[in-house]
There are 2 protein chains.
Amino acid sequence: MPANLQIVLDNRPTGEASEANFRIAQTETPPLKDGHVLVRHHYLSLDPYMRGRMSESKSYAVPQPLGQVMQGGTVGEVVESRHPGYTPGDKVVGFGGWQHFSVADASQPGSLRKVDTTHVPLSHYLGAVGMPGVTAWYGLVKIIEPKAGNTLVVTAASGAVGSAFGALAKARGCRVVGVAGGEDKCRYVTEELGFDACIDYRTHPDASSIGKALDAACPDGIDGHFENVGGYIFDAVLDRMNAFGRIALCGLISGYDGQPIPLANPRALLVSRLRIEGFIVSEHMEVWPEALRELGGLVGSGKLRPRESVAQGLEAAPAAFIGLLKGRNFGKQLVKVI
Amino acid sequence: MPANLQIVLDNRPTGEASEANFRIAQTETPPLKDGHVLVRHHYLSLDPYMRGRMSESKSYAVPQPLGQVMQGGTVGEVVESRHPGYTPGDKVVGFGGWQHFSVADASQPGSLRKVDTTHVPLSHYLGAVGMPGVTAWYGLVKIIEPKAGNTLVVTAASGAVGSAFGALAKARGCRVVGVAGGEDKCRYVTEELGFDACIDYRTHPDASSIGKALDAACPDGIDGHFENVGGYIFDAVLDRMNAFGRIALCGLISGYDGQPIPLANPRALLVSRLRIEGFIVSEHMEVWPEALRELGGLVGSGKLRPRESVAQGLEAAPAAFIGLLKGRNFGKQLVKVI
C-alpha cells in the first residue's frame, strides 16, 4: 500500500478558476480486490472540459465532487495486478485522476486499456492517439464530413485537438486553416503540422480584423469549421461559411471562466443554411477503434508531430491547468508525475 | 393584353421596412410566347423571407431588384394558354409576384402547378398546403426527426408554418407547445389546432419569465424545436433543450428589421450536445410531393384548420406586409387581388 499524493478540488471557483481552488492531499492506495489493478501514473492529462466540472452549473458531466481527487485521464504502468489480463510493467491508459497511483477495476470495460509504445510514446496516448485525437476525428469525420478540396478552419490549432484535426483533414485532401495565439504557435502549425495557413488571433483583436485575415486565408470561403474557443473568432468564421457548411462544436473555452459569450449573428446559420452540432467524444465510443488506428498511423509515420507542454511534478498540476485555460500551453498539456 | 397593376420595390429600407419602400406601377401584360400561360392572380402570399430580399446584404436569395415587381408566391386562374397542359379556368400555384396578372413559362419545371380545389380552398395552397406547410414538414421530419412522446416547441405557432408544424407533430404522437403573441392566438393554437399548450410571449417580456412558462409547459424538457423568431424566446428554449435535441432554424423574424439579435448562450449547444440546422425549403424540392400529400390530407380531414389574414386589394399589400413583420397578422397573411 504505497503512500499516494493527490490533488483534490477544495472549493469551487466564483468567476475565474485559480490555484486556490485546489489543495494537495495524502492517502494510501487501498488493497487490491479481485479484478483490480494498481497503476503508477507517468503522465496526467489536463483538458479544458475539466473547467466545466469544477462548477456546479449544468454541464454534460456530473460536477467534480469537492474534497475528492480531481478526475482526469492518465497513462502509466501496472505495478500490481489481480486481473489475469494485466501484468506488472504493462503500459496502460486510464482515468486515474490527479494523483501518483490509482486502482482500476480492470473487469469494467473501458476502464483500462493496454497500449503499445513501440512506435508511439506513452504520453501521446493522452493526446493525439487518445481522447483529444478522437475528438478531432469525430468532429471532422462524423459532423463536418468534408470532401477533398474543402476549406476547413480550426481554432486552438496548435493544441492537442487542433493539431490532430489538421493532420486528419490534410489526409482527406482539404485546405486547412488554423487559428492560434502567437507567432511560435502559428509557425509550428504551418511548418510542422502542414496546415495551409495559420492566423495569429493575438494580432487580430476583434471580429472585423480577424475576418479580413480569414478572407485572405480562405479565398473560397469556409466549408467546415471545428470550434474549440468561441467568442469573436467564432463570429467571424460563421459570417464566412459557405452554403450548407458544417460546424463541429467541441469547446467554447473563451467563455468558460466567466459569463457566457453570446453568438453575435445567429442569422448566419439561416442565411448560409449551416448545421452546427455540439458533441462529447466519450458518448461515441463506437468510433474510437477506427479513429485510434488512423491517429496511431499518422503519429507513427511522422505525419502528425504533436507538441506537448509538460509540467513537472504532481504539485504543478493546478498552475498548469490554469495556464491551459489562458492558452499558455503549447500543444497538449501534461503533468509528468514520475 | 390586359392592363396590369403592380407593386414594385422603390427603395431599400434603412432599418425598419415601411410602406414608403414600395410604390404602385401600371404596365401591360406581354403577348404570350409558345409554352407561356397568362394567369390572373386571386391571392398573393406575403412571407417573412421577403424582408431579407428587400435589403442588399448577404442573404440566401438574390436581392429583390429595385423598380421591379415584388416577387412572391401566387394562386390564380389561367386566362390564356399557349401550353398544351393548361386551359383557361385551370387553378394554378406559381411565383407571379405582387401584381394582378403574370405570365409564366409553363415549359419550365416548377414554374406553375395545377391544383385541385375540391377539398382544399385555393388560398391554402399558399399556406398549409404550400410553401409554409412544406417548410414545417421539412423541419419536423428531416431535421428534428421526432419520436412519439417527444416534447416539441414552435414559435409563431399560430402562423402558416407554426400551425402546420403543430398538426404534423401531433400526427406523430408528440407533445407540442406553441409560442404566440396574444390571448386570441394562443386560444386558437390550443383549441383549434390541438397544441398541448401555448405560451403568450407578450405576457413574458424576457428570457427568465418565458423560461418559467416553458418549464411549466415542458415538464420533461424540450426534445425538438422549430424556430421562426429568434431573440430571448430562442435563448430560453435553448437552455431547456434535452441532450441530443434538434433545432430546425427556419426564421429569425425578430431580428430582420434592425441589428441582428445575438444568441445569448451558445454554450447550451455544447452542454446539451444539440444540433441546429438552418434551411430553406425551396432547396429541398424532392420532399414536396410527400409533404404536400400529408398536408392536403390533414387539411381535407379537418385536422389542420389554417387561419388566414386576408388584406383586400393589391394596394393593401405593402401595409399588410409591414403588419406581418410586426406580428399583426393572425395565421397566413394573404392579399386578395380579385
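The values are calculated or read from the model by the stated rules, or taken from the named source; none is laboratory data. Please read these numbers as outputs of a predicted model, since none were measured by experiment. Counting neighbours? That spans all protein chains shown, and the Cβs are built from the backbone with ideal geometry, glycine included.
Details
- Odd one out for B:Gly94, checked against (1) under 25 Å from B:Gly327 (Cα atoms); (2) modelled with pLDDT of 95 or more: (1)
- Odd one out for A:Met285, checked against (1) at the interface with chain B (Cβ under 7 Å from one of its Cβ atoms); (2) at pLDDT below 95: (1)
- Of all the numbered requirements in (1) touching a residue at least 60 places away in the same chain (Cβ under 8 Å); (2) in contact with a Pro (Cβ under 7 Å, 6 or more places away or on another chain), A:Val287 misses one, and that requirement is (2).
- Hits in region A:96-110 - residues which are under 23 Å from the mean Cα position of the chain (by Cα) and free of Cβ contacts under 8 Å to residues at least 24 places away in the same chain: A:Pro109
- Among the residues of region A:182-204, those identified as over 16 Å from A:Gly221 (Cα atoms) and either polar (S, T, N, Q) or surrounded by 22 or more Cβ atoms within 10 Å (Cβ to Cβ) (or both) are A:Lys185, A:Cys186, A:Tyr188, A:Val189, A:Thr190, A:Leu193, A:Phe195, A:Tyr201, A:Thr203.
- Within region B:178-186, none of the residues are in contact with a Pro (Cβ under 6 Å, 6 or more places away or on another chain) and farther than 13 Å from B:Arg305 by Cα.
- In region B:329-338 there is no residue matching the filter, namely being more than 16 Å from A:Pro266 (Cβ to Cβ) and in a helix (DSSP H, G or I).
- Candidate set: region A:117-170, residues that are among the polar types (S, T, N, Q) and touching a strand residue (DSSP E or B) at 6+ places or on another chain (Cβ under 6 Å); chosen: the one nearest to A:Tyr43 (Cα to Cα): A:Ser123
- Annotation note: Cβ proximity below 8 Å between a residue of region B:33-56 that is outside the structural domain of B:Glu315 (by TED's automatic domain parsing) and a residue that is surrounded by fewer than 24 Cβ atoms within 10 Å (Cβ to Cβ) (sequence gap 6+ or interchain) occurs for no pair.
- Strands (runs of 3 or more DSSP E) lying entirely in region A:11-112 (those with 3 or more residues that are more than 14 Å from chain B (Cβ to nearest Cβ) and among the hydrophobic types (A, V, I, L, M, F, W, C)): A:22-28, A:36-45, A:74-81, A:101-105
- Single unsatisfied condition, B:Gly302 versus (1) assigned to a helix (DSSP H, G or I); (2) of a type outside the set (Phe, Trp, Tyr); (3) not assigned by TED's automatic domain parsing to the domain that holds B:Ala243: (1)
- Region A:113-147: number of residues that are aliphatic (A, V, I, L, M), assigned to a loop (DSSP other than H, G, I, E, B) and farther than 13 Å from A:Glu294 by Cα: 1
- Scoring A:Ser254 on the criteria (1) in a loop (DSSP other than H, G, I, E, B); (2) modelled with pLDDT under 95 leaves a single failure, condition (1).
- Qualifying residue in region A:229-236 (condition: surrounded by 22 or more Cβ atoms within 10 Å (Cβ to Cβ), assigned to a loop (DSSP other than H, G, I, E, B) and at pLDDT below 95): yes
- Check on B:Pro132, closer than 29 Å to B:Ala243 by Cβ and at pLDDT 95 or above: no
- Count of region B:282-306 residues which are in contact with a Phe, Trp or Tyr (Cβ under 6 Å, 6 or more places away or on another chain) and buried (at least 19 other Cβ atoms within 10 Å of the Cβ): 1
- Condition met for A:Arg240 (within 9 Å of chain B (Cβ to nearest Cβ) and touching a strand residue (DSSP E or B) at 6+ places or on another chain (Cβ under 8 Å)): no
- Within region A:171-207, the residues that satisfy the criterion of being assigned to a helix (DSSP H, G or I) and basic (Lys, Arg) are A:Lys185, A:Arg187, A:Arg202.
- Contact annotation: residue pairs with Cβ atoms under 8 Å, 6 or more positions apart or on different chains, pairing a residue in region A:257-281 that is more than 7 Å from chain B (Cβ to nearest Cβ) and surrounded by fewer than 20 Cβ atoms within 10 Å (Cβ to Cβ) with a partner that is in a helix (DSSP H, G or I) and of a type in the set (A, V, I, L, M, F, W, C), are A:Asp257/A:Leu325.
- Condition check for A:Tyr125: among the aromatic types (Phe, Trp, Tyr) and under 20 Å from A:Leu304 (Cα atoms): yes
- Which numbered condition B:Lys326 fails, given (1) surrounded by fewer than 23 Cβ atoms within 10 Å (Cβ to Cβ); (2) in contact with a helix residue (DSSP H, G or I) (Cβ under 8 Å, 6 or more places away or on another chain); (3) closer than 30 Å to B:Ser102 by Cβ: (2)
- Among the residues of region B:187-199, those identified as out of contact with any Phe, Trp or Tyr (no Cβ under 9 Å at 6 or more places or on another chain) and in contact (Cβ under 8 Å) with a residue 24 or more places away in the chain are B:Glu192, B:Leu193, B:Gly194, B:Phe195.
- Flag for A:Ile210 being without any contact (Cβ under 8 Å) to a residue 60 or more places away in the chain, part of a loop (DSSP other than H, G, I, E, B) and not small (Gly, Ala, Ser): no
- Taken together, A:Gly173, A:Gly178 contain a single residue that is out of contact with any Leu (no Cβ under 9 Å at 6 or more places or on another chain) and more than 27 Å from A:Leu38 (Cβ to Cβ), which is A:Gly173.
- With respect to (1) at pLDDT 95 or above; (2) out of contact with any strand residue (DSSP E or B) (no Cβ under 7 Å at 6 or more places or on another chain), the lone exception for A:Pro109 is condition (1).
- Across region A:56-75, the qualifying residues are those that are modelled with pLDDT of 95 or more and under 19 Å from the mean Cα position of the chain (by Cα), and the one among them that is surrounded by the fewest Cβ atoms within 10 Å (Cβ to Cβ) is A:Gln71.
- Contact map, region B:244-255: residues that are more than 8 Å from every other protein chain (Cβ to nearest Cβ) paired with residues that are of a type in the set (Lys, Arg), Cβ distance under 8 Å, separation 6+ or inter-chain. Pairs shown: B:Phe244/B:Arg273; B:Phe244/B:Arg275; B:Gly245/B:Arg275; B:Arg246/B:Arg275; B:Ile247/B:Arg275; B:Ile253/B:Arg51.
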